[in-house]
Amino acid sequence: MTIRHFLDLADIDAATLRQILEHAGKLKADRARGKQPPLLQSKKLAMIFEKNSTRTRVSFEVAMVELSGHALCFNGSDLQLGRGETIADTARVLSRYVDAIMLRCQGHDKLQELAAHASVPVINGLTEFSHPCQIMADILTFEEHCGPIKGKTIAWVGDGNNVAQSLIQAAALFGFTLKLACPPQLNPLPEVLAWAKARGGRVEVMESPQSAVKGADAVVTDTWVSMGDPDAEAQIRMLLPYQVNSELMALAAPQAIFLHCLPAHRGEEVTAEVIDGPQSRVFDEAENRLHVQKAILSWCLSH
Ligand code: CP
Ligand code: NVA
């Protein structure tokens, strides 16, 4: 039986991702009515964080508790992993105790190695390459406010980072147009763009934030310096013209929403006026991590 890992959107077919989103919407509605189905009764999730986290950590933990399961959370340095025990042995050992493992780390290959040696599902809680759980929550949020994402136009402004790369994969899988404005030195990886284009994805990378945002249904950005980025100062200098402010938002469609995975830096990648303004949906987006996490866990563990 194949193990249902959730490592990258690109590994999962569009119909399955759509089912996960539908389930997330249903679980959200259930929760609003005070209903918490015990879908993960007696299931245990181990979470390993080699980088900081607020949303991912808390939403996964609450998701497990609300579905009647249990979550165990570790910093990478708490485990023997931090003293040189191999990823492969960690995977084999944890697989004997828990039903799923979530990893946030630097080095996407580490995540892949964990999955290769685990006999339980492994979930990507963010690597420098991708952040698939985040983009599932973004799509749920977009569709709640703007209707089906298929055929719509999303603008990404800023660093072509892990979140942008998952968004590129999503564009091909969910059928939306994605215009990314990035400084050329910070473009997404060519192989990610090639993957999306080979699947008919309408993904365009450009330098001008104004061109990317023009007429877009949503404007999305992220921090200028991601966890693990080596040269913050140089990166910030390149990104200065990429701030999402009211002038830039004014170029988007009149009903456009603003999304940001958070944590945000007001006055850098986005102004307070935009992130705290009427077009911003960032706290719905953060909440939706919880509902999506539940649906992802249910999918991984219902096999
Ligand atoms: N968006 C997101 O993944 O937030 P955390 O880093 O707080 O988990
Ligand atoms: N791109 C950011 C996302 C944080 C949730 C980072 O990797 O630090």
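The values are calculated or read from the model by the stated rules, or taken from the named source; none is laboratory data. For clarity, every value in this text was computed on a predicted model and none was experimentally measured. Positions of Cβ are backbone-derived with ideal geometry, glycine not excepted, and every protein chain shown enters the neighbour counts. The accessibility values were calculated without ligands, DNA or RNA, using every heavy atom of the protein model including side chains. Shrake-Rupley method; radii C 1.70, N 1.55, O 1.52, S 1.80 Å.
Before moving on, here are some points about what is shown:
- DSSP H segments from the chain that extend 15 Å or more along their own axis, Cα-based, with Kyte-Doolittle mean of 0.0 or above: 55-66, 87-97, 132-146, 162-174, 282-301
- The Ala250 and Val62 beta-carbon pair, evaluated with R₀ = 35 Å, returns a calculated FRET efficiency of approximately 0.40.
- Annotation note: trypsin sites (Lys or Arg not before Pro) in the range 21-127 located in DSSP loop regions with a Cβ neighbour count of at most 15 within 10 Å are Arg33, Lys35.
- Relative contact order of the range 1-121, pairs being alpha-carbon contacts under 8 Å that are 6 or more residues apart, as %: 29
- Protein accessible area in the range 54-138, 1.4 Å probe - carbon and sulfur %: 48
- If R0 equals 41 Å, the separation of the Cβ atoms of Ser42 and His265 corresponds to a calculated FRET efficiency of about 0.50.
- Rounded if a/c under 1.5, otherwise prolate or oblate - the range 162-282, Cα gyration tensor axes: oblate
- Mean projected area in nm² (Cα convex hull; one quarter of hull surface) for the chain: 14.9
- Rolling a 1.4 angstrom probe over the protein heavy atoms with all chains in place gives the range 62-187 an accessible area of 34 Å² per residue.
- Taking all Cα pairs closer than 8 Å and separated by 6 or more residues, the relative contact order of the range 175-244 comes to 36 percent.
- Distance-filtered residues of the range 117-149 - backbone nitrogen under 19 Å, label point 7 angstrom along Leu79 Cα→Cβ: 117-133
- Electrostatic dipole magnitude of the chain [Cβ: Lys, Arg +1; Asp, Glu -1; Cα centre; debye, to 20]: 1020
- Per-residue surface analysis assigns Val62 an accessible area of about 50 Å², computed on protein heavy atoms at 1.4 Å probe radius.
- Solvent-accessible ranking of Glu85, Glu66, largest area first, probe 1.4 Å: Glu85, Glu66
- Asp11/Ala88 FRET efficiency (R0 25 Å; Cβ-Cβ; nearest 0.05): 0.80
- With contacts taken as Cα pairs under 8 Å and at least 6 residues apart, the range 160-303 reaches a relative contact order of 20 percent.
- The range 1-29 and the range 225-303: distance between their alpha carbon centers, rounded to Å: 22
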